[in-house]
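Asks: Below is the structure I would like to discuss, written out as structure tokens.
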Amino acid sequence: MPYARVHDIDIWYERSGGSGPTLVLTHGFAGPTADWGPIIEAFRAHFDLVLYDVRGHHRSVLPEGAPCSVPQFAADLAGLMDALGIEQAHVGGVSMGGMISAQFACDFPGKTRSLLLCDTTAGNRQGPSAEANQAEQMLVQAFEQMAHIAEKYGMEGLAERENAYRRQGDRYAHLQVFTLEQQDARNLSMKEHMTAAGYVAVNRALRERPDLTARTPSIAAPALVSCGEWDMFYPCAVRDHALIPNSRLVTIRGSAHATPDYQPGLWRQTVFDFIDDVEAGRDVRGERTLSGAEQTTDNRQQTTA
């Protein structure tokens, strides 16, 4: 298995080596590379795709006492790119992966060819949007509860409670491309991918992550901000699009959190179209809405610049 020694830990990664542009994708919380799902095969074929396990997840073990924060995760990504000889890449991720990518774009702008923020937020309750701040506060409260459960009942107990909630309280779960049984199995696999101590450490890192809303207006790289219409993070996506000057907002209909699990084809189209536009030097700014029929409403700004 390929590992890179980065900041005194071993980061597991894979690289497709495709002929297309280099794209580095970061996975969501408690869902490492193994959980990307079938849609990722299209990315492996289309891009020189780099996937990796964030420290504390699966094969990137978090040693006891090792630093664990979103800025550290972003520094790990920069170190991994250095180890692989990648000077610049399209960098993005879903949920936690988007949080890390936003931090990366702020901390390592020269390494950022473009930024992809998918079903995520660049803030943490201190930004200019009250609605976005409220969503981020709800996230912190939910994460505090999950950390408590993991500490008390372990990873299997946490997964069992999350599965019960999904079936009883998540009105969108049955709309995923995965059956409820498959969702249960994926969630139960957390105990194989994370220790309870690792889960609690990363959970805390996400709760305490820096609010980047004062920094995101300085991001010069083209940015994709995409989000499912039913995602709790949608107000955050609207705010982040408004703050990042050279950004495109894509609303994906028929999707909650996260779009690769609800509308994988539309998510693929969103990412491929955006990177194609960046590589061609086209203006990426504006807003788009993609429906389940894969019809595009294009409201791109017309500029003379």
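Throughout, read-outs are computed from the coordinates displayed, never taken from laboratory work. Every value quoted in this text rests on a predicted model; they were computed, and no experiment measured them. Every residue, glycine among them, receives a Cβ derived from its backbone with ideal geometry; neighbour counts consider all protein chains shown.
Asks: Please compute the Kirkwood hydrodynamic radius of the stretch 100-208 from all pairs of different C-alpha atoms, in Å with one decimal.
Replies: 16.0
Asks: Ok, one more. Work out, in µm²/s and without decimals, the Stokes-Einstein translational diffusion coefficient of the chain at 4 °C, 1.567 mPa s, Rh from Kirkwood over C-alpha pairs.
Replies: The diffusion coefficient I find is 67 µm²/s.
Asks: Could you state the orientation-averaged shadow area of the convex hull built on the Cα atoms of the stretch 243-289, in nm² to one decimal?
Replies: For the stretch 243-289, averaging the hull's shadow over all directions gives 3.5 nm².
Asks: Separate question: So the label point goes 7 Å from the Cα of ARG15 along Cα→C-beta, right? Which residues of the stretch 49-73 then have their backbone N under 16 Å from it?
Replies: 49-53
Asks: Normalise the Debye intensity by I(0) for the stretch 1-95, one equal point scatterer per Cα, no solvent, then take log10 at q = 0.15, 0.17, 0.25 Å⁻¹ and round to two decimals.
Replies: -0.54, -0.70, -1.51
Asks: So, one more: Binning at 5 Å from 0, report for the stretch 142-285 what percent of all alpha-carbon pair distances ends up in each bin.
Replies: 2, 9, 14, 15, 17, 17, 13, 9, 4, 1, 0
Asks: To the nearest 0.05, what FRET efficiency results for THR195 and PHE108 with a Förster distance of 30 Å applied to their C-beta separation?
Replies: It comes out at approximately 0.55.
Asks: Which order results if VAL54, VAL70, VAL177 are arranged by neighbouring Cβ count within 10 Å, fewest first?
Replies: Final ranking by Cβ density, sparse to dense: VAL177, VAL70, VAL54.
Asks: A follow-up question, please. Sequence gap at least 6, Cα distance under 8 Å: using those rules, report the relative contact order of the stretch 67-156 to the nearest whole percent.
Replies: Averaging sequence separation for qualifying contacts and normalising by length gives 22 percent for the stretch 67-156.
Asks: Do me a favour and compute the ellipsoid semi-axes for the stretch 1-46 from its Cα gyration tensor, root of five times each eigenvalue, largest one first, whole Å.
Replies: 20, 15, 9
Asks: Please express the shape of the stretch 221-267 as an equivalent ellipsoid: the semi-axes are the square roots of 5 times the eigenvalues of the C-alpha gyration tensor, given largest first in whole angstrom.
Replies: 19, 12, 6
Asks: If every alpha-carbon in the stretch 193-237 counts as one equal scatterer, what log10 I(q)/I(0) does Debye give at q = 0.22, 0.28, 0.29 1/Å?
Replies: So the normalised log intensities are -0.95, -0.98, -0.99.
Asks: Determine one quarter of the surface area of the Cα convex hull of the stretch 55-149, which equals its mean projected area, and express it in nm² to one decimal.
Replies: 7.3
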